[in-house]
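**Student:** Questions regarding the structure given below will be posed in turn.
Each value in this text was obtained by applying a stated rule to the coordinates, not by laboratory testing. Computed from a predicted model, the values in this text were never measured in an experiment. All Cβ positions, even for glycine, are placed from backbone atoms using ideal geometry, and neighbour counts span all protein chains on display.
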Amino acid sequence: MSGNIKLQICDTAAAVATAAATAFADLIRTRPEAVIGLATGSTPEATYSEMARMHKEDGLTMAAVTSFNLDEYWGLGGDHKQSYRYFMNDRLFRHVDIRPWNTHVLNGKARFPGLECRSFEDRILAAGGVDLWLLGIGGNGHIAFNEPGSSVDSRTRLVSLTQETIDANSDGRFFSDPSEVPRCALSAGIGTIREARALILLATGAKKADAIAAAVEGPFSPDCPSSLLQDHPDCTFIIDAAAASKLT
């Protein structure tokens with residue numbers, strides 16, 4: 001294994017979600033004013049469902065929590081059903097007691113994307129930095145919308161999506177056709193992500209096995225953006241057995 005990445009391998013995808021939700025709940029109970037980073041996509045949905053259950057049944061309160069999301073499609077407003085703001089409101093925020101004004105998602109309709117990205121970075125700094133950031137991983141190893149070739153010190157910026165990412169997001173789960181997927185997005189940079197005090201990356205299913213193997217056991221290289229987490233002091237990959245199947 002390369003670097004500092006810690007592996008937590010679970011039997012099932014459901015167990016991955018429970019482990020991730022428990023990590024966030026433990027942080028929030030210890031530090032009620034925690035600053036958390038969040039991701040979108042199909043993998044974290046079950047984690048958010050479990051966090052909502054913890055709020056309703058176990059008394060987990062997020063009233064003092066501040067959140068920052070990794071990315072947003074450029075050109076989509078927060079009321080668009082495929083925007084990441086809409087996703088977060090629908091999957092998590094409306095099910096817990098987090099204050100809406102403490103949830104930060106990049107504005108895909110901002111008139112000046114460069115200013116929006118700098119403002120996002122400033123808001124993270126003003127909040128004291130991110131305590132724990134949840135990540136997913138793409139089939140090509142991307143994290144957020146940092147595609148292969150992204151530098152280790154990249155910051156929040158407007159990025160172009162690769163055809164592979166466009167195709168992955170148009171398989172019917174989100175968009176029904178590649179022509180509907182925006183070609184650009186606002187994304188936290190790898191340098192931005194790496195500044196979080198702790199990271200948790202989730203992966204489930206055999207389709208993610210090659211990316212996980214490259215991230216954990218491959219070279220530290222922008223060719224696999226998730227490999228650039230190898231030297232982070234507190235980074236845990238929580239994955240299921242299928243996603244771990246290519247690890248040696």
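**Student:** Along region 113-125, what does the Karplus equation 6.51 cos²θ - 1.76 cosθ + 1.60 (θ = phi - 60°) give for ³J(HN,Hα), rounded to whole Hz, x for Gly and Pro?
**Tutor:** x, x, 5, 4, 5, 5, 4, 4, 4, 5, 5, 4, 4
**Student:** Residue by residue through region 38-46, what is 3J(HN,Hα) from phi via Karplus (6.51 cos²θ - 1.76 cosθ + 1.60, θ = phi - 60°)? Round to whole Hz and write x for glycine and proline.
**Tutor:** Each residue's phi maps through the Karplus curve to give 10, 10, 10, x, 6, 5, x, 4, 5 Hz.
**Student:** For region 1-159, build the convex hull from the C-alpha positions and give me its volume per residue in Å³.
**Tutor:** Given the Cα convex hull of region 1-159, per-residue volume reads 135 Å³.
**Student:** Find the lysine pairs in the chain meeting two conditions, Cα atoms under 29 Å apart and a separation of 8 or more places or different chains, and report how many there are.
**Tutor:** For the chain, the number of qualifying lysine pairs is 9.
**Student:** Let me ask another. Distances over 18 Å make up what percent of all Cα-Cα pairs in region 74-151?
**Tutor:** Pairs farther apart than 18 Å: 56 percent.
**Student:** Further, regarding this structure: Among 117, 199, 40, whose Cα lies farthest out toward the positive end of the dipole of the chain, if unit charges sit on the beta carbon of Lys, Arg (+1) and Asp, Glu (-1)?
**Tutor:** About the Cα centre, the residue reaching furthest to the positive side is 117.
**Student:** With only alpha-carbon atoms in the gyration tensor, what are the semi-axes of the equivalent ellipsoid for region 1-89, in Å, largest first?
**Tutor:** The three semi-axes for region 1-89 are 23, 19, 14 Å.
**Student:** Given only helices, namely DSSP H runs of n ≥ 4 each adding -39500 (n - 2.57), what is the per-residue ellipticity at 222 nm of the chain, to the nearest 500 deg cm²/dmol?
**Tutor:** Result for the chain, helices only: -9000 deg cm²/dmol.
**Student:** Separate question: What trypsin sites (Lys or Arg not before Pro) does region 88-155 have in DSSP loop regions with at most 13 other beta carbons within 10 Å?
**Tutor:** Listed in order of number, the matching sites are 111.
**Student:** Separate question: Full extension from residue 221 to residue 164: what is 0.36 nm times the residue separation minus their Cα-Cα distance, to one decimal in nm?
**Tutor:** 18.6 nm
**Student:** At q = 0.16, 0.19 Å⁻¹, what base-10 log of I(q)/I(0) does the Debye formula yield for region 91-241 when every alpha carbon is treated as an equal point scatterer in vacuo?
**Tutor:** -1.00, -1.37
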